[in-house]
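To start, the structure itself, in structure tokens.
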Amino acid sequence: MLRLWRGKKKNPHGLSGIISMLRYFELFVMFDRMDQNDDRRLGFGEFTDALPQLEKWGVHVYYPEAQFNQIDKNGGGMILFDEFADWAIQYSLDIEDDDDDPDDDFQNFGSNLSSMHMGQGGPPKRMKGHFTRGRTFDYNKLAEAMPSGRSRLEFARRDEMFRLFDPNGNGYLSLAEVDKGIRDILRLDDLFDAKPAIMRAFQASKNAHKGRSRLGADYVTRSEFRLLLEYLRRYFELFVMFDRVDEGDDRRINEQEFISAGHKLEAWGLTVADLPGEFKKVDKNGGGQILFQEFCDWALEKHLSESVPP
């Protein structure tokens, strides 16, 4: 009743008192079923144990740790009923769907995805030194973390991910929010350290869909989020290739480095007969160095790929 009174106070023109009372009673029943310790609070263990129940109520949680932290608005390590109610209303949880059969595609997916993407402990440590030296990258894992397809399953994952990236719920993602989401939600250490790739992906996806809002040109909207994930995956791969050629580790490729990388270019699907001449084509501004943006434009045109065999 206290939660109902507060809600009516904030929104006097909302639903009638009876309907609101029934809604919050339903939410309290959900909350109580999840609250195994009967202490009117939900710990992380109780939240994860309730994931199958949440699916029956209409929400598939693919990022449990990140979702729990976002619901726990005061950062106390426990979800209070007010916090749960706000989240449940946002996601339209419905206890009446308790007997519905979930789609087969969603069975046991949340727990597997959580173990795949969520790291242990705090934010990942920043890498020092040469980015790619002596290292290989699992592009399949990166692709799994970026649900950019058009299936119902990937749409559902992407919808939850966007909500987690957008904690204030305004429908726009800034570069800082994208960067933070990669670090705190996806926990993709390698991608988080590839700042030039993140910048290029953000610039390529924002304002891709022209809208009426004056903010759209400077931020990534929900309709552009799928493109952002596509670009993040692609530009990360390009950054890895660029760094492998950049032996001087100065974020530039000189002519000698480019010529010495002829065998790498062949492995990535391109045979160049005249490497000095090709260098001049890539170096569009004639500065004597290939910058990352110039390399990306050229590599995309030539369909270079480290993850796909030529």
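From Ala204, Ala197, Ala208, Ala217, which residue is outside any helix (DSSP H, G or I), aliphatic (A, V, I, L, M) and touching a helix residue (DSSP H, G or I) at 6+ places or on another chain (Cβ under 6 Å)?
Ala208
This table checks each residue for (1) surrounded by 15 or more Cβ atoms within 10 Å (Cβ to Cβ); (2) not in a helix (DSSP H, G or I).
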| site | (1), (2) |
| --- | --- |
| Asn140 | no, no |
| Glu144 | no, no |
| Arg150 | no, yes |
| Leu153 | yes, no |
| Glu160 | yes, no |
| Arg163 | yes, no |
| Ile182 | yes, no |
| Asp190 | yes, no |
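Here are Gly211, Gly216: which of them is loosely packed, with under 14 Cβ neighbours inside 10 Å, at pLDDT below 90 and small (Gly, Ala, Ser)?
Gly211
Any residue in region 36-53 that is in a strand (DSSP E or B) sitting within a Cβ distance under 7 Å of a residue that is surrounded by 15 or more Cβ atoms within 10 Å (Cβ to Cβ)? List the pairs, counting only those 6 or more apart or interchain.
Leu42/Met34; Leu42/Asp35; Leu42/Met78; Leu42/Ile79; Leu42/Phe84
How many residues does region 258-310 contain that are part of a helix (DSSP H, G or I) and of a type in the set (A, V, I, L, M)?
Matching residues across region 258-310 total 7.
Every residue, every condition in (1) modelled with pLDDT under 55; (2) polar (S, T, N, Q), yes or no:
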position	(1), (2)
His60	no, no
Tyr63	no, no
Asp101	yes, no
Ser115	yes, yes
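Against the definition (open to solvent by 60 Å² or more (accessible area, probe 1.4 Å), over 16 Å from Lys302 (Cβ atoms) and in contact (Cβ under 8 Å) with a residue 60 or more places away in the chain), how does Asp243 come out, yes or no?
Taking the combined requirement at face value, the residue does not satisfy it.
Looking only at region 247-257, count every residue that is in contact (Cβ under 8 Å) with a residue 24 or more places away in the chain and assigned to a loop (DSSP other than H, G, I, E, B) and tell me the total.
Within region 247-257, residues that are in contact (Cβ under 8 Å) with a residue 24 or more places away in the chain and assigned to a loop (DSSP other than H, G, I, E, B) number 4.
The values are calculated or read from the model by the stated rules, or taken from the named source; none is laboratory data. Only a predicted model underlies this, so the values are computations on that prediction, with no experimental measurement involved. Don't worry about glycine lacking a Cβ; one is built from the backbone with ideal geometry, like all the others, and counts go over all protein chains shown. Areas reflect the complete protein model, heavy atoms only, side chains present, ligands, DNA and RNA absent. Shrake-Rupley method; radii C 1.70, N 1.55, O 1.52, S 1.80 Å.
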